[in-house]
Amino acid sequence: QDAGGGAMRESACGGGAMRCCLCQSSSTATRKTLDESCLEPRRSLGMIRTIEASDLADPGPLPEERVYEPVPYPAWDSSSKNVWHEKASGSGAIYQHLACGCPSELEDESNHDGHRACHVVRQSHVVRPACVRATLISFSAILVLAALWHTRGAHIDVLNKAFRAVHRTPAPMRSHRGWLFCRSSSSSSSNSSGHRSCGAPPLVQWRDSPAALASRVADFTSLPGVPPGALEHVTKHWQAFPPKFRGARIRLAQVAAFARELLESDPFSTGDKVPYLDLRSSDSRGGAIAVTQRQLAFLVVNILMGNEIPAGDGLSAALQHCSASQPGRSGLLLSLLSFLAVLSQELAPGSHGTTLIAATPRERDGSWKDLLANSNLETPVVCVHTNDGTDCGLKDFMAGGTPFQALTDIAGGSVGGKAQLCTLADGQDESLVQFYSEVLAFSFFVDSTSSGTWMLPVPWTLLGARRYLGDISGQSIRSGPVLDGCGKVHAHDWLNEEISSKTVGVPLGASTAILATSAFVALASNCSKCLAHGHCDMPALVNNRCEMQRQHLDSDVDLWYQAYAPNMYHAVVQEAFRSTVQRIGTGPWGAGAWYGDSQLSFLTVWLATSLLAGTTLDYYIYDHFCENPGNQCFVLGAEDCASCLKRSRSNTGVEAFWCGTLGARDMVSRFQGKSAEVLYKALSAKVLSSDKGPPKQVFDLLAADT
């Protein structure tokens, strides 16, 4: 809006990210670029409003106490870090910038907290205003602003009201009505603007109109999509002990009201149809699905209300199976309701929240070997579990909460394993999905009729996944109804009060999506126990003394690289993968329920992660992991291994006699900074080709004669 030489323009940056500026040019109105960032105007309009990524995803109502103050002239001087810090800390003015980017000087200063945007706030309280966008919805507010500028009035109250009006405008991902469906890596194409995009998926018909179904939502004590016996077990407990979230009790009636609003909202803008892609079909290998939180919740509510699609979705099949087989332990239903409960508090009406991207990689091709010579072994973060958490300062990888860290689901043939998505179990993969409700919800995109299962394939990634229930860690439970089980859902206040709100803006197709800074990556290793059948007994396996445990290094590196290398995924989501997954959290992948060699497993994931540019390995060691408890103590070596086994009290036959002399940190000191090829050749020469085989531990074999 041009007003006496002043400019108020919407600008695009970072391949379609939304950013707006209130700038005053000395001459004609100009459209600022990302590099200019509208942060160094010659004169200030008197107020500059920018946002954090979480506000872009979920504007919500603006509390009255959040009063905006004018930015003193000059508004910004991005040419000097010192000036920035002086103004940010001394003036008390609002200095926050949108997630699409910052001037390089400011970005450097904010890297210490792991964010990719400037998060500098005034001292009195954090202000998180929403983006000012030159859209039809905000046009009236823009006119008010222009008039105020033109008259140089001091009517700050009026200005604040205009900003509040704009603040309520939701800003979901705007490409393909907020969703993207890609069948395979070869399906990407270019639109008229030159952006890579995905072909439109088929739309399938709901049996019942979701809008009409909304009128049938009562108080959630009855749900047509859930057998009464299983539902009653959950709803009675919920009514007696409504869980707390952010200080307030959430009752089923509130969840029902949110469900009703979802059904009426048509979040896909497809009426009585819904886009659908079967993630288990052959033409979906290398494909991807991106939906918003609102859209995923909409799917969950339809299924709970008994709605159907012709394909026979996996979520409906899972609910029916779990309700019939374990009506008294309906973990799946509790997790889904908890997902809706949290979103009922986070999403304002019409807000889409963050985006989730589910993707399967293409077939393995062994291309990782070409990277060995030119990839250096970066120093991993080794975290040893203690009674107070971990000794590395990071949160448990299974609990989530470390920004930009992907959680490694030690999976089998399908996500969720032998528990079939129903409840907690003694396996990591089986239990994890109960806490990460969005993973369960994505089983909707499995055609249970044609595939014969309702479970998601492996490998499989969900970018932006969050933990909705508490608590879970790799340290397993030594007592209770699930001995050695992973995680515990509390009887009271089971929602995750520490659920992450950190977000990042990522390019997606021709637009920008806002994702949570976390990911869920399910991948399987080779099954040493299967290969060793008839060759080694269980005592040999749990003590790393079976030769068959050491015969699949290449295949395991290939599997890890396939799941974690961005270039193995659809071109449209590769940059989103790089932006979201900057560190990998894992426990004894390869040495869990499939009883691999824990020392070789550590070296395998370290080697494979070093082939991924810009990615750090966070390796967690437990004395009593929920799979193969006690075996991971061997990664510590010598006295630390013996002490670990003493704490573990494992009854699986793990013996301190076989601890060896060296540990993981010894291996890091020996190989860090060297090329991955050096470690790979050392393993090939001294471990894989050893005709003597065990009993020597892998670390000791590598150290011999070097």
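Values as computed for the structure displayed
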quantity: Potential extension, residue 567-residue 370 segment - 0.36 nm per residue separation minus Cα distance; calculated: 69.5 nm
quantity: Region 483-534, relative contact order [Cα under 8 Å, separation at least 6], %; calculated: 21 percent
quantity: Protection-proxy order for peptides 417-423, 332-338, each taking the mean of Cβ atoms within 10 Å per residue, highest first; calculated: 332-338, 417-423
quantity: Accessible-area composition of region 437-579, carbon plus sulfur, in percent [1.4 Å probe]; calculated: 51 percent
quantity: Gyration tensor over alpha-carbon atoms, region 595-656, equivalent ellipsoid semi-axes in Å; calculated: 25, 11, 10
quantity: Net charge over other residues, Cβ less than 12 angstrom from the Cβ of residue 204 (K, R count +1; D, E count -1); calculated: -3
quantity: Virtual spin-label span in nm between residue 643 and residue 381, 7 Å along Cα→Cβ; calculated: 2.2 nm
quantity: Carbon plus sulfur fraction of accessible area for region 231-276, probe 1.4 Å, in percent; calculated: 47 percent
quantity: Å² of accessible area per residue within region 396-444, as computed with a 1.4 Å probe and no ligands counted; calculated: 15 Å²
quantity: Solvent accessible area, Å² - residue 547, 1.4 Å probe, full protein context; calculated: 90 Å²
quantity: Charge sum, other residues only, whose C-beta stays under 12 Å from residue 251's C-beta, Lys/Arg counted +1 and Asp/Glu -1; calculated: +1
quantity: Accessible surface, per residue, of region 530-571 when the full set of protein chains is kept, probe 1.4 Å, Å²; calculated: 36 Å²
quantity: Local electrostatic count at residue 401 - Lys and Arg +1, Asp and Glu -1, tallied over other residues with Cβ under 13 Å; calculated: 0
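The values are calculated or read from the model by the stated rules, or taken from the named source; none is laboratory data. Note that the structure is predicted; figures quoted are calculated from it, not measured. Cβ coordinates were reconstructed from backbone atoms using ideal geometry, including for glycine residues, and neighbour counts include every protein chain displayed. Each accessible area value is taken on the protein alone, full model and side chains, heavy atoms only, with ligands, DNA and RNA left out. Shrake-Rupley method; radii C 1.70, N 1.55, O 1.52, S 1.80 Å.
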